[in-house]
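Here, each number is a calculation from the coordinates, and none is a lab measurement. Quick caveat, the model's predicted, so the values are computed rather than measured. FYI the Cβ positions are ideal-geometry reconstructions off the backbone, even for glycines, and counts take in every protein chain you see.
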Amino acid sequence: MNKKDITKILSENLLFEKTVTDCSIKQATTNLQLAGEDSLCFYNISDQLDAKEVFIKRLKSSSCKNLVLTKKVDVEGVNIWVVDPSDFLWAQDLIANEIYPDKLKIKLAGITGTNGKTTVSYLAMQLATLLGYPSISIGTIGVRDSKNILEEDILSTTPSYLELRKIIHRYQDDYKFIFMEVSSHALAQNRLNKVRLKSCAWTSFSQDHLDYHKTNEEYFKAKLKILESSDDKNLIVPSSEKSLLALLADNNVSRKIVEPYFDECLEAGFKASYNQANLSVAIALCEVLIGESIDRKLLSKLSLPAGRFEAIKYNEHIVIVDYAHTPDALENICGTIKKDFSSFELRVIFGCGGDRDRSKRPLMGKAVSKYADNIIVTSDNPRTEEPSSIIDDITPGISRDYIRIEDRRLAIEKSLEDLSRPTVVLIAGKGHEEYQDVKGIKHHFSDKEEVMKIIDRNKNV
């Protein structure tokens, strides 16, 4: 695609163009830092006073030479096409149709919810593949099929529209279904755009992301937008989500309510009631896409994703690494552990991410206090905040004695010391993640790796 092609494609609503150099476009993106000379980058310049200056600064550190913008900017040496902000997604769709044509061969299902999205998409992907429909999942743990991680470094839970179109284009000849996590941010920003879902599910609803949505009402409205992209208007919801079902009923939303499923042949993590609910949602999604009931005998072959109720044996103790990072998720997993391991003590180590919803921090402390016998509060991706200030926000919600250790590595070491009786040690918050985000730098860090180092070290003592 050259500059004349771009002008022709966008001509209907093009406000301004300035083309100064030839180009051969092979990819499209919304990420200026990843855009190369063969990329067409879509950049939405906001109404903030310094938005143009921020854009120009980022452009100087990029090799991108071709841009579709929402405001006219005076920069040299690059090709620019300007469209109105209301036409920004329209323009992306037209360009995607040229660069990443969709043969409409692959069926998509979307999963939204505060907790459970990754588990449902991962289970549904495995199950569909076992049934003879090769599938991939898209979300927090990347793009993967039942055997391999195909793309690890997607930039967000739900990719941008252009990135999503690229993924569909890349895999449409090799796979039948895509099961994708659909975040509230993605829905609020209309990232699905023209992508259609054959079915959709809502796993759970509790407080999160109020730094972005401001209120639970706005958070709910954002999640509800998933139905606008779905051909099937019967939203799949687990029966255990009573308050969510009530909210959906109040909004006259058609629901397909599914009952939790469990069988003794399933791996240990499915003893958790929320994973039984997640499994039932995954089954329902597969049945909609396939068009027939599923043989439950296949379920014994399913496994949970890494970092989701991932149990590690440590002498007579059990260490569980889990991604739980909301008040509701923490309360659910702690309650499940106390129920299923009633003779064990429960020791919980957790923190809360920086630069995110601060109002949930004391609620996380309260949730852990409800069940934990011992509590260690530590850091978890503090980002630009000071770990100590995040811990200060968490601790008012804790109603029992606790230890605070800012260094997560030292906190994990402490959590595995002085275990006088059989104990479940829950290390919550990071799950599969292999980094600690501090001051804008992602340092390698894995909860599971740290646990295994300690176990191996103690074997040699």
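Counting pairs of alpha carbon atoms under 8 Å apart in space and at least six apart in sequence, what relative contact order in percent does the chain give? Please report the intermediate quantities before stating the final value.
Details: 921 pairs, mean separation 50.0, N = 461.
It comes to 11 percent, rounded to a whole number.
Run lengths n ≥ 4 of DSSP H only: what is the helix-derived mean residue ellipticity at 222 nm for the chain, with -39500 (n - 2.57) per run over all residues, to the nearest 500? Could the numbers behind the result be given before it?
Values: 15 runs with 152 residues, N = 461.
Mean residue ellipticity at 222 nm (helix-derived): -9500 deg cm²/dmol.
Which of the aspartates and glutamates could a cross-linker bridge to LYS453, judged by Cα under 12 Å and excluding same-chain residues fewer than eight apart?
Within the straight-line limit of under 12 Å, LYS453 reaches these aspartates and glutamates: GLU413.
Provide the percentage of antiparallel DSSP beta bridges, counting only those with both residues in the stretch 3-99; round to the nearest 5. Numbers along the way, then the final one.
Values: 4 of 14 bridges.
That works out to approximately 30 percent antiparallel.
Taking 0.36 nm per residue of sequence separation and subtracting the Cα-Cα distance, how much length would be gained by fully extending the chain between VAL75 and VAL54, in nm to one decimal? It would help to have the intermediate numbers written out before the result.
On the way: separation 21, 0.36 × 21 = 7.56 nm, distance 1.28 nm.
Stretched fully, the VAL75-VAL54 segment lengthens by 6.3 nm.
Could you go through the stretch 334-349 in sequence order and give the Karplus-derived ³J(HN,Hα) for each residue, using 6.51 cos²θ - 1.76 cosθ + 1.60 with θ = phi - 60°, rounded to whole Hz, and x for Gly and Pro?
5, x, 5, 5, 5, 6, 7, 10, 5, 8, 9, 6, 10, 10, 10, 10
Taking R0 as 22 Å, what FRET efficiency do you get between LEU298 and ASP340 from their Cβ-Cβ distance, rounded to the nearest 0.05?
0.35
Write out the GluC sites (Glu not before Pro) in the stretch 1-100 meeting two conditions: DSSP loop, and at most 14 other Cβ atoms within 10 Å of their Cβ. Mind dumping the intermediate values first?
Working: sites: GLU12, GLU17, GLU37, GLU53, GLU76, GLU98; in loops: GLU37, GLU76.
Qualifying residues, ordered by number: GLU37, GLU76.
Can you give me the relative contact order of the stretch 310-459 as a percent, contacts being Cα pairs under 8 Å and 6 or more apart?
31
What is the set of long-range amide H partners of LEU235 at a cut-off below 5 Å, with H atoms built 1.01 Å from backbone N?
Amide H neighbours of LEU235: SER254, ARG255, LYS256.
Within the set of other residues whose C-beta is less than 12 Å from the C-beta of GLN172, count the net charge using Lys and Arg as +1 and Asp and Glu as -1.
Working: positive: LYS103, LYS105, LYS107, ARG165, LYS166, ARG170, LYS176; negative: ASP102, ASP173, ASP174.
For residues surrounding GLN172, the net value is +4.
Whole-Hz Karplus ³J(HN,Hα) for the stretch 196-206, in order, using 6.51 cos²θ - 1.76 cosθ + 1.60 and θ = phi - 60°, x for Gly and Pro?
Each residue's phi maps through the Karplus curve to give 9, 9, 7, 7, 8, 9, 10, 7, 6, 8, 7 Hz.
For TYR435, list long-range residues whose amide hydrogen, built 1.01 Å from N in the peptide plane, is under 5 Å from its own amide hydrogen.
Sorted by chain and number, the residues that satisfy this are PHE445.
Under 17 Å from the Cα of LYS297, which aspartates and glutamates turn up, not counting those fewer than eight places away in the same chain?
Of all the aspartates and glutamates, those that pass the test against LYS297 - Cα under 17 Å, at least 8 places apart if same chain - are ASP263, GLU264, GLU267, GLU287.
Where both residues lie in the chain, what percent of DSSP beta bridges are antiparallel, nearest 5?
The answer is about 30 percent antiparallel.
Could you point to the residue in ILE257, LEU192, ALA246 farthest towards the positive end of the stretch 107-301's charge dipole, with +1 and -1 charges on the Cβ of Lys/Arg and Asp/Glu respectively?
Result: LEU192.
Between LEU108 and residues 5 or more places away or on another chain, which pairs have amide H atoms under 5 Å apart, with H built 1.01 Å from N, and which residues are they?
For LEU108, the qualifying residues are ILE178, LYS198.
When you have a sec, figure out the Kirkwood radius of the stretch 310-459 from all distinct Cα pair distances and drop it here in Å to one decimal? The partial results should precede the final answer.
Working: mean 1/r = 0.0661 Å⁻¹.
The answer is 15.1 Å.
Kindly work out what percent of the DSSP beta bridges joining two residues of the stretch 310-459 are antiparallel, to the nearest 5. Don't jump to the answer; show the numbers that get you there.
Numbers: 9 of 26 bridges.
Just about 35 percent of them are antiparallel.
Could you work out how far the C-alpha centroid of the stretch 190-260 sits from that of the stretch 335-408, in angstrom?
28
How do the peptides 406-417, 376-387 rank, highest first, by the average count of neighbouring beta carbon atoms within 10 Å per residue? Don't skip to the answer; put the middle values down first.
Numbers: 406-417: 17.9, 376-387: 21.1.
By packing density, highest mean first, the sequence is 376-387, 406-417.
Tally Lys and Arg at +1 and Asp and Glu at -1 over the other residues with C-beta under 10 Å from the C-beta of LEU426: what net charge comes out?
Details: positive: ARG347; negative: ASP322.
Its environment carries a net charge of 0.
Taking the Cβ of ARG144 as the center, what net charge do the other residues with Cβ under 10 Å away carry, scoring Lys and Arg +1 and Asp and Glu -1? Intermediate values should be presented prior to the final figure.
Values: positive: LYS147; negative: ASP145, GLU151, GLU152.
Its environment carries a net charge of -2.
Sorted by packing (mean other beta-carbon atoms within 10 Å per residue), highest first, where do 170-176, 200-206 land? Present the calculation step by step, with values, prior to reporting the outcome.
Numbers: 170-176: 15.7, 200-206: 26.0.
So the peptides 170-176, 200-206, ranked by packing, come out 200-206, 170-176.
Which ³J(HN,Hα) values in Hz, rounded to whole numbers, follow from the phi angles of the stretch 438-445 under the Karplus curve 6.51 cos²θ - 1.76 cosθ + 1.60, where θ = phi - 60° and Gly and Pro get x?
Result, rounded to whole Hz: 10, 6, x, 10, 8, 8, 4, 6.
What is the count of Lys pairs in the stretch 31-135 whose alpha carbons sit under 25 Å apart, if the two are 8 or more places apart or on different chains?
The number of close lysine pairs in the stretch 31-135 is 11.
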